[in-house]
Amino acid sequence: FMQVLMRQPDEAKWQWQAPKDARFTGKRRAFSNWITDVDNGAGALLARVIVNRLWQHHFGRGLVATPNDFGVSGERPSHPELLEWLASDLVQHGWKLKRLHRLIMTSSVWMQSGDSDEARAQLDRENTLLWRRSPMRLEAEAIRDSMLSVSGLLDPQQFGPGTLDQNMRRRSIYFFIKRSQLIPMMMLFDWPEHLVSIGQRPVTTIAPQALMFMNSPQSRQWATAFAARLPATSPADSVQGAWRIAFGRQPAAAEMQAALMFLKNQENQHSGRPGNPQQQALTDLCQTLFSMNEFIYCE
């Protein structure tokens, strides 16, 4: 055990002797005893690290901005008392992460508006003190999974082997990692380097990301399936269904007007070509919804 994270030199309290005929040594059990010991082992640090990573997951930035470095060379916490309180709360309630997620996501700081305020921005341009909700883009896996989900093509099967087939319809966590054959769409949205520890993923915005939504065969295929799910009773019903599935809300009056005009223009563009002009126009609309910021950013 690391001596710097031992308040007492006696290691016997964490050791665990495996049964005689066991096929394991018990060293992992001993390690888990030490790393979760809040009073004499590494448990206090573990709780702070876990809490900080959960906070970073929900806000884009941890209370400690260097999640891989809680030492003297890392950054100081922006809200030290909050970090301590959350860590203590996690331990007191049995290290239950789901409860902590719920606590954070029902807090006023998580539910506040993302509107900017120049007066406050001049005091805290980086939003370190959390005076507003910072926009957060979904990770590469969640973007792809969301497109499959709204198209109705997502295969919910769990477990099993991974794959290198970028056309597979299971969740993106089932992509097999091979450095010489990476998945192009995932790399576009900052899929991390898998051979090193990544405490925080970078978030870049580049032109090929928009081109993927507009031109990739997968995007068109998923948009076609999305359009097939929509009610065909009238263009207005189709637009309302598309907004409800993609964004979980009804379109505003201006959005409805723009969408209906878009459908009419696209239908004229597809007239005289093979296929159903109305369905192709609806597919164009669905592909456009994939490209909207609201689809890939958390509000």
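The values are calculated or read from the model by the stated rules, or taken from the named source; none is laboratory data. Bear in mind that the values here come from a model prediction, so they are computed numbers and not experimental data. Virtual Cβ from ideal backbone geometry, glycine too; neighbours counted across all protein chains shown. Areas reflect the complete protein model, heavy atoms only, side chains present, ligands, DNA and RNA absent. Shrake-Rupley method; radii C 1.70, N 1.55, O 1.52, S 1.80 Å.
The amide H of THR163, built 1.01 Å from its N in the peptide plane, has PHE175, PHE176 as neighbours under 5 Å, considering only residues 5 or more places off or on other chains. Take the Cα of ALA252, step 7 Å toward its Cβ, do the same at LYS264, and the gap between the two points is 2.1 nm. When a 1.4 Å probe is rolled over the protein heavy atoms, the share of accessible surface on the stretch 152-299 that falls to carbon and sulfur comes to 56 percent.
Between amide H atoms placed 1.01 Å from N, distances below 5 Å from MET136 occur with CYS298, all of them 5 or more places distant or on a separate chain. For the stretch 29-157, rounded, prolate or oblate, judged on the Cα gyration tensor with a ≥ b ≥ c (square roots of eigenvalues), a/c < 1.5 rounded, else prolate if a/b > b/c? Taking the square roots of the gyration eigenvalues as a ≥ b ≥ c, the stretch 29-157 is oblate.
Cross-link reach is defined here as a Cα-Cα straight distance under 17 Å, omitting same-chain residues fewer than 8 places apart; for LYS27 the aspartates and glutamates meeting it are ASP10, GLU11, ASP37. When each of the peptides 56-66, 228-238 is scored by how many other beta carbons lie within 10 Å of its residues on average, the order from highest to lowest is 56-66, 228-238.
Rounded if a/c is under 1.5, else prolate if a/b is larger than b/c, else oblate: which is the stretch 196-299, with a ≥ b ≥ c the root eigenvalues of its Cα gyration tensor? Cα axes put the stretch 196-299 in the prolate bin.
Within straight-line reach of LYS96, meaning a Cα separation under 15 Å, there are no aspartates and glutamates at least 8 residues removed in sequence or on another chain. Working note: Karplus 6.51/-1.76/1.60 with θ = phi - 60° gives the stretch 148-162 the couplings 5, 5, 5, 7, x, 9, 5, 8, x, 4, 9, 6, x, x, x Hz, where Gly and Pro are set to x. Each residue of the stretch 121-133 is assigned a 3J(HN,Hα), and the resulting list reads 4, 5, 7, 8, 5, 8, 6, 5, 8, 6, 7, 8, 8 Hz, derived from the Karplus form 6.51 cos²θ - 1.76 cosθ + 1.60 (θ = phi - 60°), x at Gly and Pro. Per residue, the chain reaches -14000 deg cm²/dmol at 222 nm when only DSSP H runs of four or more residues are counted, each adding -39500 (n - 2.57). Across the stretch 239-248, coupling constants 3J(HN,Hα) worked out from phi with the 6.51/-1.76/1.60 Karplus curve, θ = phi - 60°, read 5, 4, x, 5, 5, 5, 6, 6, 10, x Hz, and Gly and Pro carry x. How far is it, in nm, from the label point at SER116 to the one at ARG23 when both lie 7 Å from their Cα along the line to the Cβ? According to this spin-label approximation, the distance is 6.0 nm.
Amide H contacts of ARG170 (H built 1.01 Å from N, in plane; Pro and chain starts excluded): ASP155 sit under 5 Å, all sequence-distant by 5 or more or on other chains. Overall shape of the chain was characterised from the C-alpha gyration tensor. The equivalent ellipsoid obtained from it has semi-axes of 46, 26, 17 Å, in decreasing order.
If you sort the three axes of the alpha carbon gyration tensor as a ≥ b ≥ c, you get a/c of 1.5 or more for the stretch 113-242 and a/b no higher than b/c, which makes it oblate. Accessible surface area normalised per residue over the stretch 6-99 is 65 Å², counting heavy atoms of protein chains with a 1.4 Å rolling probe.
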